[in-house]
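Just below is one structure, and these are the notes that go with it.
The values are calculated or read from the model by the stated rules, or taken from the named source; none is laboratory data. All values reported here derive from a predicted model rather than from experimental measurement. Every residue, glycine as well, gets a Cβ built from its backbone with ideal geometry; the counts of neighbours run over all protein chains shown. Side chains are part of the model used for accessible areas, which takes the heavy atoms of the whole protein and leaves out ligands, DNA and RNA. Shrake-Rupley method; radii C 1.70, N 1.55, O 1.52, S 1.80 Å.
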Amino acid sequence: MADRVTVIGWDGSPLTEAARSALSAATLVAGAAHHLALPEVPPGAERVRLGSVGLAARRIAGHRGTAVVLADGDPGFFGVVRTLRAPEHGLEVEVVPAVSSVAAAFARAGMPWDDAHVVVAHQRTLRRAVNVCRAHSKVAVLTSPGAGPAELALLLDGVHRTFVVCEELGTTREQVSVLTSDKAADHTWRDPNVVLVIGGAGGTGASAAPWLMGHDPAAGSVRGWAEQSGEYDSDGHPDIAQDPTLRAVQLARLGPRTGDLVWDVGSSGGAFAVEAARFGAAVIAIDVNPAARTVTEAAARRHGVLLQTVTGRAPLVLESLPEPDVVRIGAGGVPVVTACADRRPERIAAHATTRDEAEAIGSALTAGGYAVETVLLQTVGLDPADWTERERSVVFLLTGRRTTGAP
């Protein structure tokens with residue numbers, strides 16, 4: 001095992017005294033090609049090209065001597081330190097950090113970033129990174145080949161954002177470009193790069209004097225969930241789908257979270273859509289009634305969240321939408337349930353007002369490869385003055401969970 005492992009961050013500026021001292025004593029140096037070309041790398045040291053960090057860690061673990069790993073920016077911030085410290089390698093490391101590429105990117109843009117979300121985009125996580133960009137108005141994306149600015153822009157189709165693309169930060173080839181997201185897909189971008197995704201009319205939810213990095217869940221919203229429908233404007237067509245108790249259980253069953261894309265089909269006044277967005281999820285609210293779009297967007301502004309609204313009749317309008325993680329169906333019956341199940345979200349929630357309708361929806365979910373839970377919800381509103389009944393609602397809630405191995 002290596003006698004000593006030092007991880008040095010490099011941001012393009014001259015190495016610190018501590019970094020130069022560690023590097024001068026190294027008998028093995030691992031890094032990218034531009035790191036290994038630094039004049040401070042000892043000529044007699046073994047050089048390891050840092051492609052797979054896991055493979056390099058095994059080489060370092062088997063080396064008898066002093067090892068140095070060079071990495072861009074702060075190696076402890078979405079960097080190599082996590083892999084090097086994995087138990088299977090048994091490495092104890094010392095870290096000499098540098099300015100992270102995210103901090104450098106925001107510095108180039110002249111923007112604060114304590115209210116930003118930071119995500120890593122690989123090909124396997126690109127869709128979830130895009131969903132964070134849909135849901136929040138300031139996001140830094142650490143990209144990778146095949147999951148860069150062009151791919152981000154393509155998946156953000158229909159959502160307007162400003163991109164600040166920072167290529168090869170800290171090098172002589174550094175370039176910062178500012179353009180709208182619809183233009184970013186037309187360019188070829190150099191790696192490595194960081195993309196700042198900015199915009200959206202809903203606000204970040206951050207306070208004027210932030211205390212929590214990213215999104216303050218208390219800012220711009222009421223305390224609690226599934227508020228009475230009066231908290232949200234009506235689109236003129238109130239129905240059982242807007243019942244707050246039903247909405248509360250739907251939220252609990254679907255569990256929307258950061259990185260998810262939620263479809264709210266039959267969104268009406270936007271109560272469910274807004275509350276799903278308050279959990280940090282990206283939301284597309286779909287309704288056939290044009291008035292629903294205006295009402296839902298107003299509710300989103302009032303609660304300080306971002307979401308996308310689409311006017312059209314389901315299931316036809318669903319064909320052009322990006323893949324959902326969870327779906328809440330407020331209207332449309334079996335045809336919409338079947339169309340949503342065909343898109344294979346993890347969970348689907350729907351409701352029915354009669355047993356026959358509930359059986360039909362449950363059969364459609366089962367046929368689509370979902371395990372179905374059905375409950376009958378009954379709520380009775382009481383007047384606190386004399387405990388007389390004010391209103392009563394009875395509804396069947398059906399939740400489908402995608403089964404493993406289903407088509």
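Only Lys, Arg, Asp and Glu count, each charged at its Cβ (+1, +1, -1, -1), so figure out the dipole size of the chain about its Cα centre, rounded to 20 debye.
1020 debye
Hey, with R₀ at 45 Å, roughly what FRET efficiency would THR311 and GLU46 work out to, going by the Cβ-Cβ distance, to 0.05?
0.10
Return the inverse of the average 1/r over all pairs of distinct C-alpha atoms in the chain, which is the Kirkwood hydrodynamic radius, in Å to one decimal.
Result for the chain, one decimal place: 23.8 Å.
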Under the Karplus relation 6.51 cos²θ - 1.76 cosθ + 1.60, θ = phi - 60°, what is the ordered set of whole-Hz ³J(HN,Hα) values for segment 59-64, x standing for Gly and Pro?
4, 5, 4, x, 8, 9
Over segment 331-407, with every protein chain in place, what whole percent of the accessible area is carbon and sulfur at 1.4 Å, could you tell me?
51 percent
Multiply the residue separation of ASP114 and LEU377 by 0.36 nm, subtract the distance between their alpha-carbon atoms, and state the gained length in nm to one decimal.
90.4 nm
What whole-number value in Å² describes the accessible area per residue of segment 68-152 for a 1.4 Å probe?
42 Å²
Full extension from LEU212 to THR354: what is 0.36 nm times the residue separation minus their Cα-Cα distance, to one decimal in nm?
46.5 nm
Taking 35 Å as R0, compute the FRET efficiency from the Cβ-Cβ separation of LEU38 and HIS187 and round it to 0.05.
0.75
Using r as the Cβ-Cβ distance of ARG344 and THR388, and R0 as 51 Å, what FRET efficiency do you calculate, to the nearest 0.05?
0.60
Kindly provide the pair-distance distribution of segment 1-75 built from C-alpha pairs, with 10 Å bins from 0 and whole-percent values in order of increasing distance.
21, 60, 19, 0
Quick one: accessible area per residue over segment 347-387, 1.4 Å probe, rounded to a whole number of Å²?
56 Å²
Report, to one decimal in Å, the Kirkwood hydrodynamic radius for segment 86-176 based on all distinct Cα pairs.
14.8 Å
Charges on Cβ only, +1 for Lys and Arg, -1 for Asp and Glu, centred on the Cα centroid of segment 1-54; of SER21, LEU50, THR6, which one is farthest towards the dipole's positive end?
LEU50
